[in-house]
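First the structure, in the form of structure tokens, and then the observations on it.
The values are calculated or read from the model by the stated rules, or taken from the named source; none is laboratory data. Bear in mind that the values here come from a model prediction, so they are computed numbers and not experimental data. Ideal geometry is used to build each Cβ from the backbone, glycine not excepted, and the neighbour counts take in all protein chains shown.
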Amino acid sequence: MAPADMSALSLYAKASADFEAKLAETKAVLQNASEKFLPLTQASSLGAEDMVITHLVNETGITCSVFVLDTGMLHAKTLAKVKRIVYQVNIQTLAQQPATQLEANAIGVIELTLLEPIAALPFATSRILGSLVLVDTASHKTSGAALILSAQEG
């Protein structure tokens, strides 16, 4: 019997049995690199895998600068507003929870309204056109990373 919810999150967002061990090993590798290579700098193309590394560096408190590689495949800049938070994902259980805001390092599903259209595809179709970096226009700091589940015109 197929699950009632056929979304990518419900089908594939499941931690492997050895997830915690892999996460600990990854953090140890990053910590070792931060001690061995000074100053530590991350090259990022703003892809999903780069966002994961940036998150882990921040979570572990490692001092590391980041620069963005202009691959020629980055989205054009446009203004966006969070239209609504659909739900937050509990990172321990992967359960969907209602939310009115997402705290730092939270995972959730949101709807964005863009001032101008951008070329976008679902992340499952294109890792390049399916990911975004959200930057606060007041502070110019990264507010979050987004993976596009679906895109609509208009």
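Look at the stretch 32-62 and say how many of its residues are within 21 Å of the chain's Cα centre (by Cα) and of a type outside the set (Ser, Thr, Tyr).
Keep residues of the stretch 32-62 that are within 21 Å of the chain's Cα centre (by Cα), which gives 41-62.
Within this subset, residues satisfying the condition of being of a type outside the set (Ser, Thr, Tyr) are 42-43, 46-53, 55-59, 61-62.
Counting residues in the stretch 32-62 that are within 21 Å of the chain's Cα centre (by Cα) and of a type outside the set (Ser, Thr, Tyr) gives 17.
Determine which member of the set Ser150, Ser131 is under 20 Å from Tyr12 (Cβ atoms), in contact with a Gly (Cβ under 7 Å, 6 or more places away or on another chain) and either free of Cβ contacts under 8 Å to residues at least 12 places away in the same chain or small (Gly, Ala, Ser) (or both).
Testing whether each residue is under 20 Å from Tyr12 (Cβ atoms), in contact with a Gly (Cβ under 7 Å, 6 or more places away or on another chain) and either free of Cβ contacts under 8 Å to residues at least 12 places away in the same chain or small (Gly, Ala, Ser) (or both) leaves just Ser131.
Go through (1) in contact with a strand residue (DSSP E or B) (Cβ under 6 Å, 6 or more places away or on another chain); (2) touching a residue at least 40 places away in the same chain (Cβ under 8 Å); (3) assigned to a helix (DSSP H, G or I) and name the single condition His55 misses.
Tallying (1) in contact with a strand residue (DSSP E or B) (Cβ under 6 Å, 6 or more places away or on another chain); (2) touching a residue at least 40 places away in the same chain (Cβ under 8 Å); (3) assigned to a helix (DSSP H, G or I), His55 fails exactly one: (1).
Cβ-Cβ distance below 9 Å, separation of 6 or more or different chains: which pairs start in the stretch 110-122 with a residue that is polar (S, T, N, Q) and end on one that is surrounded by fewer than 14 Cβ atoms within 10 Å (Cβ to Cβ) and not in a loop (DSSP other than H, G, I, E, B)?
From the stretch 110-122, the pairs are Thr113/Lys81; Thr113/Lys83.
Search the stretch 8-26 for residues being under 22 Å from Leu149 (Cβ atoms) and either β-branched (Val, Ile, Thr) or modelled with pLDDT under 75 (or both), and hand back the single one that is surrounded by the most Cβ atoms within 10 Å (Cβ to Cβ).
The extreme case among them is Leu9.
Among (1) over 29 Å from Glu111 (Cα atoms); (2) in contact with a Phe, Trp or Tyr (Cβ under 7 Å, 6 or more places away or on another chain); (3) of a type outside the set (Ser, Thr, Tyr), there is one condition Ala43 misses while meeting the rest; what is its number?
All conditions are met except number (1).
Per-residue answers, yes or no, for (1) surrounded by 10 or more Cβ atoms within 10 Å (Cβ to Cβ); (2) part of a loop (DSSP other than H, G, I, E, B):
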{"position": "Arg84", "(1), (2)": "yes, no"}
{"position": "Ala99", "(1), (2)": "yes, yes"}
{"position": "Gly108", "(1), (2)": "yes, no"}
{"position": "Ala119", "(1), (2)": "yes, yes"}
{"position": "Leu132", "(1), (2)": "yes, no"}
{"position": "His140", "(1), (2)": "no, yes"}
{"position": "Ala146", "(1), (2)": "yes, no"}
{"position": "Gln152", "(1), (2)": "no, yes"}
